[in-house]
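Written below as structure tokens is the structure these notes are about.
The values are calculated or read from the model by the stated rules, or taken from the named source; none is laboratory data. If you're wondering where the values come from, they're calculated on a predicted model, not measured in any experiment. Because the Cβ atoms are built from the backbone with ideal geometry, glycine has one as well, and the counts that use them run over all protein chains shown. Protein only, heavy atoms only, side chains kept; ligands, DNA and RNA dropped before computing areas. Shrake-Rupley method; radii C 1.70, N 1.55, O 1.52, S 1.80 Å.
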Amino acid sequence: MDIEKWLEETRTTIEQWIKEDDLVHHAATGTVEEVMRYSLLAGGKRLRPQLVMASTVYLGLPPDTFRDAALAVEYIHTYSLIHDDLPAMDNDDLRRGQLTAHKMFPEAMAILSGDALLTEAFVKMSRMQNAKADDVLSAITYLSVAVGREGLIRGQVMDLAAENRSLELSELKTIHRNKTGALFRAALVIPALLSGNHVRQQALSQYGEHFGLAFQIVDDILNVVGKPELLGKNIGTDSERGKATYPLLVGLEQARRLADDHRIRAKIAIGSEPGAQILHSLIDFAVDRQW
Ligand code: GRG
């Protein structure tokens, strides 16, 4: 399949959905919605909502069935980037080649826009169409655990605590399983929960586990050998910050081998069922990407 075409078409669709969201469409100057719109429309690969769509296809449903869930995971991702860039965290001025939210707007408004994006995601989940109330509740529970103190937040806390300290590979894996992997896994599992398809839930969760780790290993590799003009950010920042990364711990070649290993395991997890083709191509993209 032509994955480049699929990625471009779905990216356009997702950006159109964001623009059609009332809060974005009616965002007035000087409001928190303006900051939310700025960050939501500042670019990005849109991989997490694309995973919601690919998972939905794997389950035999039209890709836009769970549009609100696709938006919810992208809103949470955007919140995490805004907060991660803040002076108290990574203190970055640029994201995707553009000024970070707290550089473009007052810092307090950037913090609040992140808070509002996180809560808006759950508003969207709770108003979900095309799913039974019990299934919506299961999906909300899964997502809130994934991005809370046992998932995303845990990963970020561990990441901050690990700065300028040497780490074991197993500790690094735990950080990334939470910080990067939890939201990818949620994007994949949520359509199974919303459609009550518990048979495929396990396969999607395992695929998500390997997808998240492969994605992060490649992210670490690109921070060493990537092209800044493609990435929209500087390279070499991980080593400047004294961050433990896969290339630092195991070397570039072994890091590449590990990413490939996760690619293979992800593909085995979902098998070659009808509808699995996009997921196969997506893990190829995650591992082979240059941005
Ligand atoms: C809750 C503050 C807070 C943080 C949680 C997700 C996260 C932890 C921090 C965001 C920064 C970061 C480097 C996360 C690791 C995952 C990752 C590589 C994110 C970037 O994802 P892409 O490449 O981003 O999909 P785009 O720009 O394409 O949307």
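Of ALA255, ALA259, ALA214, all but one fail to be buried (at least 19 other Cβ atoms within 10 Å of the Cβ) and within 28 Å of MET125 (Cβ to Cβ); the exception is ALA214. For region 22-43, the set of residues classified as free of Cβ contacts under 8 Å to residues at least 60 places away in the same chain, open to solvent by less than 20 Å² (accessible area, probe 1.4 Å) and within 22 Å of the chain's Cα centre (by Cα) consists of VAL24, ALA42, listed by residue number. Scan region 120-144 for residues that are at pLDDT below 95, closer than 16 Å to TYR75 by Cβ and open to solvent by 70 Å² or more (accessible area, probe 1.4 Å) and the total you get is 0. Scan region 103-114 for residues that are open to solvent by less than 60 Å² (accessible area, probe 1.4 Å) and either more than 14 Å from the ligand (Cβ to nearest atom) or in contact with a Gly (Cβ under 8 Å, 6 or more places away or on another chain) (or both) and the total you get is 2. Being closer than 27 Å to LYS233 by Cα and away from the ligand (no atom under 15 Å from the Cβ) is a property that GLU8 lacks.
For LEU117, state whether it is buried (at least 22 other Cβ atoms within 10 Å of the Cβ), at pLDDT 95 or above and not hydroxyl-bearing (Ser, Thr, Tyr). Yes, satisfied. Just for region 88-121: of the residues that are polar (S, T, N, Q) and touching a residue at least 40 places away in the same chain (Cβ under 8 Å), which one is farthest from ALA42 (Cα to Cα)? Selected residue: SER113. If the condition is being within 17 Å of ALA131 (Cα to Cα) and polar (S, T, N, Q), then region 188-212 contributes SER195, ASN197, GLN201.
Could you list all residues from region 77-102 that are aliphatic (A, V, I, L, M) and either surrounded by fewer than 24 Cβ atoms within 10 Å (Cβ to Cβ) or within 9 Å of the ligand (Cβ to nearest atom) (or both)?
The answer is LEU81, ILE82, LEU86, ALA88, MET89, LEU94, LEU99.
For region 242-288, the set of residues classified as touching a residue at least 12 places away in the same chain (Cβ under 8 Å), closer than 11 Å to ILE221 by Cα and not in a helix (DSSP H, G or I) consists of THR245 only. Examine region 170-188 for a residue that is over 18 Å from the mean Cα position of the chain (by Cα), open to solvent by 20 Å² or more (accessible area, probe 1.4 Å), more than 11 Å from the ligand (Cβ to nearest atom) and over 19 Å from GLU33 (Cα atoms), and state whether such a residue exists. Yes, region 170-188 contains a residue that is over 18 Å from the mean Cα position of the chain (by Cα), open to solvent by 20 Å² or more (accessible area, probe 1.4 Å), more than 11 Å from the ligand (Cβ to nearest atom) and over 19 Å from GLU33 (Cα atoms).
Go over the candidates ARG96, ARG37 one by one and state the one that is touching a Gly at 6+ places or on another chain (Cβ under 8 Å) and farther than 27 Å from LEU204 by Cα.
Numbers: ARG37 fails: touching a Gly at 6+ places or on another chain (Cβ under 8 Å).
Every option except ARG96 fails the conditions.
Selection of helices (runs of 4 or more DSSP H) fully inside region 1-80 by the criterion of at least 3 residues being out of contact with any Leu (no Cβ under 6 Å at 6 or more places or on another chain), within 24 Å of GLY271 (Cβ to Cβ) and of a type outside the set (Lys, Arg) returns 3-20, 47-58.
Give just the number: which of (1) within 14 Å of the ligand (Cβ to nearest atom); (2) charged (D, E, K, R); (3) open to solvent by 50 Å² or more (accessible area, probe 1.4 Å) does ASP159 not satisfy? Every condition holds for ASP159 apart from (3).
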